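Quick notes on the structure that follows.
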Amino acid sequence: MGHGLLLGKNPRHIDKDVELCRTTNETISNHAANLLIENQIPFTRNWIKIPFFQREKYAGAEQFYVICTNRNRYGQARRTLDQMDSGLRRRLIVSNY
């Protein structure tokens, strides 16, 4: 079988996504994702289940919505999130990568 094409100089630096933000509100997660799509920033959005005994700490939420992006586009993605309305932006937990 032939060898595949390697992008970049070091294969360990490929596919290194970092967490951009997280929230327990699906509407805010969708709004952030739409902004990233409009600005053509690649991202992934997943959810993490909150254990039953920790839900009180998060106002009864059952899951976190986590948005990750490529570490090379992180700065651009953060500037994009700054465009959000301040009321919505306050509900996001933004990482400090």
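The values are calculated or read from the model by the stated rules, or taken from the named source; none is laboratory data. All values reported here derive from a predicted model rather than from experimental measurement. We place every Cβ from the backbone using ideal geometry, glycine too, and count neighbours over all the protein chains shown. Accessible surface areas use protein heavy atoms only, side chains included; no ligands, DNA or RNA. Shrake-Rupley method; radii C 1.70, N 1.55, O 1.52, S 1.80 Å.
Annotations
- Heavy-atom accessible area per residue - the stretch 24-97, 1.4 Å, Å²: 68 Å²
- In nm, spacing of pseudo-spin labels at Glu56 and Arg91 (7 Å Cα→C-beta vector): 2.4 nm
- Modelled spin-label separation between Asp82 and Asn39, with each label point placed 7 Å from Cα along the Cα-to-Cβ direction: 0.9 nm.
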